[in-house]
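Report on the structure given below.
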Amino acid sequence: MIPSLNLRAAIVSIALFVAFILAWHLATRGTATVQQMSPEYAKLMGLSATQGKSAMPGPLDVGAKLWEHLRNPFYDNGPNDKGIGIQIAYSVGRVMIGYGLAVLVAVPIGFLIGMSPLMNRALDPYIQILKPISPLAWMPLALYTIKDSGLSAIFVIFICSLWPTMINTSFGVSQVRKEWLNVAKTLEVGTFRRAFTIILPAAAPTIMTGVRVSGGIAWLVIVAAEMLVGGTGIGYFVWNEWNNLSITNVIVAIAAIGAVGMVLDLILARLTKLVTFPE
Amino acid sequence: MTGFISIEGIARRYGTNAPIFDDLWLSMNQGEFVCVIGHSGCGKTTVLNILAGLDEPSSGTVIVDGKAIEGPSLDRAVIFQGHSLLPWRTVMGNVAYAVTSRHRAWKSAQVTAHAQRFIDRVGLTGSEHKRPAELSGGMKQRVGIARALSIEPKIMVMDEPFSALDALTRGTLQDEVRRICTDTGQTVFMITHDVDEAIYLADKIVLMTNGPGAVLAEIVDNPLPRDRVRTGFHKHPLYYGVRNHIVDFLVTRSRTFSRDNHDPRNVPHVRLPLPFPPPHSPSKTGVDALSSGEGRVGEAAPTELKKETLT
Ligand SMILES: Nc1ncnc2c1ncn2[C@@H]1O[C@H](COP(=O)(O)OP(=O)(O)OP(=O)(O)O)[C@@H](O)[C@H]1O
Ligand SMILES: [Mg+2]
């Protein structure tokens, strides 16, 4: 009997992972030639030059570091030494606030745009101009006006999460099938009830797709934003470890960013599925 | 005489194109089942949408129960060409949505009980919690019928309600609709492409010519007895006469119909009390006889055609 597709896919996934780890391990094992140099200079150069050890940490180093972090993710030894869990919590918190606000603002505006051809045309040029602006371009302006780095990061998240949700909402609302609207009309359903009982459920899958895209972008942008504003957050952590030349920690952080992003997307995918209806 | 529904000189144009129709008059009595037959694109759905209040005529009015209609109303339930159920709601949810729209103040238990009655009536007991995607085409159409009936409208307006169904399901549903409508004395305005369906269901069959500038050519009074049954109505001696008359209209006269001697306010009523099918199907002679007002269909039964005009 052929094993199920899921099982076979899992086997291939694991095989790829093992192969990757193995290749990584072999590549960083340390075969570089040891150069002759004065002890003083060797001290400056670090282990990579003196012992033939690659500067790139191997999987075992990263694994050990990861274990260390996982064992104690929430320690706090002052501003430059916090556990990775705390840093992630900061980032997730910022994303939640900025992105949550963006959804709260974008859905009603998108609704308005979708329902009114007038507003659609009137607001379209603004959206078209604002949408392609890299969210980080807002950072200086935000720092100047808000004068708070944490809030500025939240603002940047807010701005970048706005557009996909708004555009998808207006599209979903304007594309509600005419026959469903006619059902409401023939039943003499009022404007408000129609908005909540016909348009919202009909557009919900499209809206949620926008919300999900926004979520992905917000998580992408938070890392860059925190690198700029510093202080706390996983983005700051990455930058800080880079300054400490701790590539191992950088790699651990990269993995953590990926994992958290995946979890966020999974949650949003679940929510999308919840409002999706089969036709 | 003004009927329960009175379509008075309606026209519909899109932009500067030739009007789809420019002067339609039709009167319907309460409890009457009227079918409209005409070729695709002649403007049947347009008439229906105007009657439903979903579209406005470019000129003319429609009067229902003594009042000119302004927009859609819960008094006129529409069964759409597609089933147009709300796919995110269950069968019960779809029917209950209509019921709450009609009775705003009802408690949910009351709404559910009322909706259940109509779900039962169309034979969907047990499927209340299914979503439209889990239903067959015939079941979906039944939900549409239950939804329309549940608001207990004065008029049912149906746009080819059975055309997407297989023959067997269509037959069952026709039976159900006929039973329900005769039981409750519904007034029904229905569009169909199916001549047999029209003969089985309708009291009057309105024949519409091809557009643009479509007119109601004539109104065929159904001569079959009211208690006809689906299994036997096509064996009725009058069946072939009516059928041939309508088919003949669709094949030739809908195209060649001349408006010259046609008074759109007094659409001729045609009744074919032929006890046997005419020796040859009514053709040109019959047409000329009708439109020239001599009251003949073919030569087989020169004196038996009763032609009257609606006043
Ligand atoms: N929005 C529109 N703009 C211009 N013309 C239109 C529009 N909607 C319908 N028409 C025209 O009106 C005519 C009548 O359309 P209608 O839908 O009433 O036809 P119908 O008799 O119901 O046809 P069918 O039997 O195929 O459903 C068609 O010729 C169509 O081209
Ligand atoms: Mg149509």
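The values are calculated or read from the model by the stated rules, or taken from the named source; none is laboratory data. Since the structure is predicted, the reported quantities are computational estimates derived from the model, not experimental observations. For neighbour counting, all protein chains shown are included, and Cβ atoms are generated from backbone atoms with ideal geometry for every residue, glycine included. Protein only, heavy atoms only, side chains kept; ligands, DNA and RNA dropped before computing areas. Shrake-Rupley method; radii C 1.70, N 1.55, O 1.52, S 1.80 Å.
What angle, in degrees between 0 and 90 and rounded to the nearest 10, separates the Cα long axis of helix A:149-174 from the longest principal axis of the Cα atoms of chain A?
Approximately 40 degrees, to the nearest ten.
If amide H atoms are built 1.01 Å from N in the plane of the peptide, which residues on other chains or at least 5 residues away come under 5 Å of the amide H of B:Ile79?
Long-range HN contacts for B:Ile79: B:Val157, B:Met158, B:Asp159.
Calculate, for A:Asn243 and B:Glu134, the FRET efficiency according to 1/(1 + (r/R0)^6) with r their C-beta to C-beta distance and R0 60 Å; round to the nearest 0.05. Write down the numbers at each step before the final one.
Numbers: r = 59 Å, r/R0 = 0.98.
It comes to 0.55.
If you build a Gaussian network model of chain B, linking Cα atoms that sit under 10 Å apart, which residue out of B:Pro161, B:Pro153, B:Pro237 swings the most?
Judging by the Gaussian network model, the answer is B:Pro237.
Among B:Ala109, B:Ala18, B:Ala214, which one shows the biggest mean-square fluctuation in a GNM of chain B, springs joining Cα atoms closer than 10 Å?
B:Ala109
Quick check on chain A: helices-only [θ] at 222 nm, where DSSP H runs of length 4 and up contribute -39,500 (n - 2.57) each and the sum goes over total residues. Nearest 500, please.
Values: 13 runs with 209 residues, N = 279.
Result for chain A, helices only: -25000 deg cm²/dmol.
Using a 1.4 Å probe over the heavy atoms of the protein chains, calculate the carbon and sulfur portion of the accessible area of the protein assembly as shown as a whole percent.
On the way: 17710 of 29210 Å².
Roughly 61 percent, rounded to a whole number.
Step through the residues of the range B:179-190 one at a time and calculate ³J(HN,Hα) from phi using the Karplus curve (6.51 cos²θ - 1.76 cosθ + 1.60, θ = phi - 60°), rounding each to whole Hz and writing x for Gly and Pro.
Taking θ as phi minus 60°, the curve returns 4, 4, 5, 6, 4, 9, x, 4, 8, 10, 10, 9 Hz for the range B:179-190.
Gap in Å between the Cα centre of the range A:205-279 and the Cα centre of the range B:76-98?
When both Cα centres are located, 41 Å separates them.
Relative contact order, percent, of the range A:146-260 when contacts are C-alpha pairs under 8 Å separated by at least 6 residues?
On the way: 94 pairs, mean separation 33.4, N = 115.
Value for the range A:146-260: 29 percent.
Let me check I've understood the local charge: for B:His245, count other residues with C-beta under 12 angstrom from its C-beta, Lys and Arg +1, Asp and Glu -1. What total comes out? Please list the in-between numbers first.
Working: positive: B:Arg243, B:Arg253, B:Arg271; negative: B:Glu218, B:Asp221, B:Asp248.
Surrounding charge for B:His245 is 0.
Quantify how strongly other chains surround peptide B:80-87 by giving the mean number of their Cβ atoms within 10 Å of each of its Cβ atoms.
Working: counts 4, 1, 2, 1, 8, 4, 10, 7.
What the average comes to for B:80-87 is 5.
Suppose we compare each residue of the range A:238-279 in its chain alone and in the full protein complex with a 1.4 Å probe; which ones drop by at least 30 Å² of accessible area?
Buried-area filter returns A:Phe277, A:Pro278.
So if we plug the beta-carbon distance of A:Ala122 and B:His193 into 1/(1 + (r/R0)^6) with R0 = 60 Å, what FRET efficiency do we get, rounded to 0.05? Show your work: numbers first, answer last.
Working: r = 44 Å, r/R0 = 0.74.
So, using R0 = 60 Å, E works out to roughly 0.85.
In the range B:41-72, what residues drop by 20 Å² or more in accessible surface going from the chain by itself to the full protein assembly, probe 1.4 Å?
Buried by 20 Å² or more upon assembly, which counts only protein chains, are B:Leu54, B:Pro72.
How much net charge surrounds B:His193 when only the other residues with a Cβ under 10 Å from the Cβ of B:His193 are counted, with Lys and Arg +1 and Asp and Glu -1? Present the calculation step by step, with values, prior to reporting the outcome.
Working: positive: B:Lys44; negative: B:Glu160, B:Asp194, B:Glu197.
Taking every Cβ under 10 Å from that of B:His193, the sum is -2.
Longest segment of chain A with no trypsin sites (Lys or Arg not before Pro) in a DSSP loop having at most 16 other Cβ atoms within 10 Å?
On the way: sites that count: A:Arg29, A:Lys147, A:Arg177.
Looking at chain A, A:30-146 is the longest stretch - no exposed trypsin sites (Lys or Arg not before Pro) with at most 16 other Cβ atoms within 10 Å.
If R₀ is 41 angstrom, what is the calculated FRET efficiency for the pair B:Thr184 and B:Val251, using the beta carbon separation as r and rounding to 0.05? List each step's numbers first, then the result.
Values: r = 36 Å, r/R0 = 0.87.
With a Förster radius of 41 Å, E is 0.70.
With all protein chains present, calculate the accessible area of A:Glu188 using a 1.4 Å probe and round the result to the nearest 10 Å².
90
Over the protein assembly as shown, with the other protein chains present, what is the accessible area per residue in square angstrom, probe 1.4 angstrom?
Details: 29210 Å² over 590 residues.
Computed with neighbouring chains in place, this is 50 Å² per residue.
Once both axes come from the Cα atoms, what is the angle between helix A:234-243 and the longest principal axis of chain A, in degrees from 0 to 90, rounded to 10?
Relative to chain A, helix A:234-243 is tipped by roughly 30 degrees.
I'd like the Karplus ³J(HN,Hα) series for the range A:220-230: coefficients 6.51, -1.76, 1.60, θ = phi - 60°, whole numbers in Hz, and an x wherever there's a Gly or Pro.
Calculated HN-Hα couplings, in order: 5, 6, 4, 4, 5, 4, 6, 4, 6, 7, x Hz.
Compute the acute angle (0 to 90°) between the alpha-carbon long axis of helix B:239-248 and the principal axis of greatest extent of the alpha-carbon atoms of chain B; round to the nearest 10°.
With rounding to tens, the tilt is 80 degrees.
Which part of the range A:1-30 falls in the paramagnetic zone of A:Leu60, meaning amide N under 20 Å from the point 7 Å along Cα-to-beta-carbon?
A:17-30
Given DSSP loops and a limit of at most 11 other Cβ atoms within 10 Å, what is the longest stretch of chain B that contains no such trypsin sites (Lys or Arg not before Pro)? Mind showing how you got there, number by number?
Details: sites that count: B:Arg104, B:Lys107, B:Arg226.
So the longest stretch without any such site is B:108-225.
Rounded to the nearest 20 Debye, what is the dipole magnitude of the range B:1-120 about its Cα centre when Lys and Arg each give +1 and Asp and Glu each give -1 at the C-beta? All intermediate terms of the calculation are to be shown ahead of the outcome.
On the way: 10 positive and 10 negative charges, 114 e Å.
Around 540 debye, computed over the range B:1-120.
Tell me the total accessible area that A and B bury against each other, 1.4 angstrom probe, in square angstrom rounded to 100. Before the final figure, lay out each step's value.
On the way: alone 17040 and 13970 Å², together 29210 Å².
It comes to approximately 1800 Å² buried between A and B.
Over the whole of A:173-186, what's the average partner chain Cβ count within 10 Å per residue? Rounded to a whole number, please.
Values: counts 0, 0, 0, 0, 4, 2, 7, 5, 2, 7, 12, 4, 7, 20.
Going residue by residue through A:173-186 and averaging, the value is 5.
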